[in-house]
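Report on one structure; see the data block that follows.
The values are calculated or read from the model by the stated rules, or taken from the named source; none is laboratory data. Because the structure is a prediction, the values reported are computed rather than measured. Every residue, glycine among them, receives a Cβ derived from its backbone with ideal geometry; neighbour counts consider all protein chains shown. Surface areas here come from the heavy atoms of the whole protein model, side chains and all, with no ligands, DNA or RNA. Shrake-Rupley method; radii C 1.70, N 1.55, O 1.52, S 1.80 Å.
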Amino acid sequence: MCGIVGYIGQQDSKEVLLTGLEKLEYRGYDSAGIALLNQDGVNLFKVKGRIAALKEEVDQDVHATMGIGHTRWATHGEPSVDNAHPHQSTSGRFTLVHNGVIENYQDLKREYLQDVTFKSETDTEVVVQLIEKFYQTNQDTLASFRQTMELLKGSYAIAMIDNEDSDTLYVSKNKSPLLVGLGNDFNVVASDAMATLKVTDQYLEIHDKEIVIVNRESVTIQKLDGTVLERSPYTAQIDASDIEKGTYPHFMLKEIDEQPIVMRKIIKEYQNDNNELKLDENIRTAMKAADRIYIIAAGTSYHAGLVGKEFIEKLAKIPVEVHVASEFSYNMPLLSEKPLFIFISQSGETADSRAVLVSIKEMGHPALTITNVPGSTLSREADYTLHLYAGPEIAVASTKAYTAQIAVLAILAVDTARAKGLELDFDPMQELAIVANAMDVLTAQKEEIEQLATDYLATSRNAFFIGRSADYNVALEGSLKLKEISYIQAEGFAGGELKHGTIALIEKGTPVIALATQENVNYSIRGNVQEVVARGANAMIVSMKGLEQDDDAFVLPKVHELLTPLASVVPLQLLAYYAALHRGCDVDKPRNLAKSVTVE
Ligand code: F6R
C-alpha cells in the first residue's frame, strides 16, 4: 500500500527513484509520481496507472541529484493525476509525498487553511499546505515541518523537499514504515529496503514521531522536541536476487515453488545441533504461563491462525481464540486472566493488527509476533518475535508465508507441549521434512492442475470450496486465493453447513472444490459432494493418499494428518494461479489490493 522512495546525492536521481518505485509496485497502487529538484526548481511528473506509464511521462532531459517518488493506493479521492503524489503547497515551494491516513485532516483544514484553495481531494495536501502556512510566520522550514508533524493525528510516512534548499530531504513517520538508506556521497529514503537494495544494504530505522534531516553526506535524527538521537545502522538481510523473478513469469508461481525450500529452512532454523527445538526461552515461558491464547491476524494470516489454533489446542492443550484484527478492537471479547496475544503477519505492518497490539499493550498483556519481516512494526512493538524465514514475498497473494506461518505454529505448539511435560507422538521436524517432499511432488504437477483449472474454472462466475474440520480452514484460504487474483466470486464453506442455506446457489455447472484429507470426516464430506452433484454442481475432490477414491480429481501425497493444510493448499494456490492466468488477470498485482495494508 503506497510506497515512498527519496534520493539525495551526486548522481541523477531518476533511475534510483523509478527503479525503487518498481520494486514497491508489489505493495499495490493505482497512481504514481516523482518530483525532481534541480536548478530550474521542482519538476513534477504524475500519472494514473502503472510505473511503466510514469517512465514514459518523465522527461529524460531533466537531471536532478535530489528527488522524491511515490506510488499511491487511493484512500481520500479517486485514483487520478490530481490526487497522485507528490503534492505541492500553493506557492510551489514545498513538495511532499505521504503514506498513511491523516485522521484529523478536516479539522486542520478548518482551523488553519480556510483561505487555501486545494488542488486535490487528499488528506496529504493538507500537510504540505500547513507547512507553507507555518513558514509564512516563522520563515524556518524545519520549524514549520516540526510544527506540522506535532499536529498530525493518524498514520504517516512523509518525505519533503523545500525547493529553496537543494541539500535537505525532510522526513518523518508515525505508524507507517519508512527507512533511511546510507551510501557513499548519497542517502536514500524508502518505505521498504527492497526499493533501494540495489544502491545500499545499510539502513537506519526511523521510529514513530521522529524527524530526520537527510543531507547528501549526513543524516540527523531528532525527537519532535529537537533532541538529537544517535542510532547505528543495520545491514538489510535481503539478497537482491530474492526480489527478482528470474525465469518465472510471475512472482506468485516462484513463491509457490519456493515452499519446499522454505519448509527446509524453517526446519534448519528452529533446530539446534542436537536436533532439539530451538526457540527463545522467553517465548516458551510466556506460552506456558498463558491460560488462553488470542491469535490476531487478517486475511491469509488469519487463515493460518485457524490452523494454528488446532495445533496449540490439540498438542499444547491451551485454549485458543482466533480473531480478525479489524473486528477485535471494536468488539473485544472478555479476556482471560493470563492471556497471551499472538500476532500473525507476513509484512508485520498491517494496521488493523497493529491497532490491536497497541491497545493490548496499553492493557499490559504480553504479545508475540510471527512475521516474515523481523524489523517490522509488529515485530518491534511486541515482546517476542518468531521469524518465518520465507524470504521476501512479492506477489500480492500470499502463498509461501501462509505455509511458513503454519509450520512455525506447529513448532511453537510442540515446543510448548514439551515444555509443559506433555507426551507427544508427533515429531514436527520429521513431519515437516515429509511435507517438504510432498510439496516437491505437488509443485511438479503444474500441468495436471492447470488442466483442472481449465476444466472447472475457465468460464465460471463463481465457485465454492468445501471441507470439514482442518479441510474447512484450507477451503477458506483456497477461496480467498481464487477470488483475489481471478475475480471469480468464491466462498469457502464447512461441508455440513451448505444445506443450511448456501446450497440454494448451486446450479448446473457450479464448480465445487471439495477437500477430503481427514479420515474422520472422509465419508461425510463425500456425502456433501453428492448433495451438490445431485443439484448439478461440477464437483472435484482433492483427497489424500490412503483416503482416495477412483473419481477423485487430485490425490495428495500422504503427510501427517495435522499437517494436511500444508499439502492441500498447494494445488489450490496453483488452481487460483492458472484460473487467473487464463482469464488474463494481472496475477501478481490484482486490482484494488495492496500487499502491505497500512491503513485501518
Ligand atoms: C491474501 C493476503 C492478505 C494478507 C493480509 C494480512 O493473499 O495476502 O489477505 O494475508 O492482508 O497481511 P499480513 O500477513 O502482512 O498482516
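Structure summary
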item: Spatial separation of Cα centroids for the stretch 71-122 and the stretch 527-600, in angstrom; result: 43
item: Whole-number percent relative contact order across the stretch 250-442, with pairs defined as alpha carbons under 8 Å at least 6 apart; result: 29
item: Global geometry of the stretch 1-123, whether rounded, prolate or oblate, following the gyration tensor of its Cα atoms and the 1.5 cut on a/c; result: oblate
item: Dipole of the chain, positive end: most advanced residue of Thr285, Val529, Val599 [Cβ charges, Cα centre]; result: Val529
item: Sequence-separation-based contact order of the chain, relative, with Cα cut under 8 Å and 6+ spacing, percent; result: 12
item: Out-of-range pairs (alpha-carbon distance over 23 Å; input Lys245/Lys446; Lys23/Lys133; Lys317/Lys400; Lys48/Lys175); result: Lys23/Lys133; Lys317/Lys400; Lys48/Lys175
item: Peptides ranked, highest mean first, by Cβ atoms within 10 Å: ranges 593-599, 316-322, 244-250, 463-469; result: 463-469, 593-599, 316-322, 244-250
item: Portion, in percent, of the accessible area of the stretch 3-241 that falls on carbon or sulfur, probe 1.4 Å; result: 44
item: Asp427-Ser80 FRET efficiency (beta carbon distance; Förster radius 45 Å; 0.05 resolution); result: 0.20
item: Asp208-Gln39 FRET efficiency (beta carbon distance; Förster radius 35 Å; 0.05 resolution); result: 0.45
item: Ranked packing of 416-427, 344-355, 189-200, most packed first, by mean Cβ within 10 Å; result: 344-355, 189-200, 416-427
item: Solvent-accessible area, 1.4 Å probe, carbon plus sulfur percent, for the stretch 285-371; result: 53
item: Charge dipole magnitude, Cβ of K and R +1, D and E -1 - the stretch 445-600, Cα centre, debye nearest 20; result: 360
item: Extension gain (nm, one decimal) between Ala143 and Ser232, 0.36 nm per residue minus Cα-Cα; result: 29.5 nm
item: Antiparallel %, DSSP beta bridges [both residues in the chain], to 5; result: 60
item: Cβ charges +1 (Lys, Arg) and -1 (Asp, Glu), total dipole of the stretch 285-335, debye; result: 180
item: Cut-off 11 Å, label 7 Å out along Cα→Cβ of Met332, residues of the stretch 349-392 by amide N; result: 356-365
item: Stretch gain in nm, segment Lys508-Lys288, where the contour uses 0.36 nm per residue and the Cα spacing is subtracted; result: 74.0 nm
item: Ratio Rg/Rh, restricted to the chain and using Cα atoms, in which Rh is the Kirkwood radius; result: 1.00
item: Label-to-label distance, nm, for residues given as Lys245 and Gln489 (7 Å Cα→Cβ offset); result: 3.1
item: Which of Gln518, Gly69, Ala419, positive extreme of dipole for the chain (C-beta unit charges); result: Gln518
item: Among Ile370, Pro557, Ile51 - extreme Cα towards positive end, dipole of the chain, charges at beta-carbon; result: Pro557
item: Pairwise FRET efficiency - Gln136 versus Lys223, Cβ, R0 = 30 Å, nearest 0.05; result: 0.75
item: Extension gain (nm, one decimal) between Ser166 and Met363, 0.36 nm per residue minus Cα-Cα; result: 66.3 nm
item: Inter-label distance for Glu531 and Asp586, nm, one decimal - labels placed 7 Å from Cα along Cα-to-Cβ; result: 4.0
item: Listed residues Lys309, Lys268 arranged by accessible area, highest first, probe 1.4 Å; result: Lys268, Lys309
item: Contact order normalised by residue count of the stretch 445-600, Cα under 8 Å, 6+ apart, percent; result: 29
item: Residue-normalised accessible area of the chain, given per residue in Å² at a 1.4 Å probe; result: 39
item: The stretch 319-334-the stretch 436-509 distance, computed between alpha-carbon centres (Å); result: 27
item: Mean Cβ neighbour count within 10 Å, used as a protection proxy, ranking 251-263, 33-45 highest first; result: 251-263, 33-45
item: Accessible carbon and sulfur surface of the stretch 445-600 relative to its total accessible area, %, 1.4 Å; result: 47
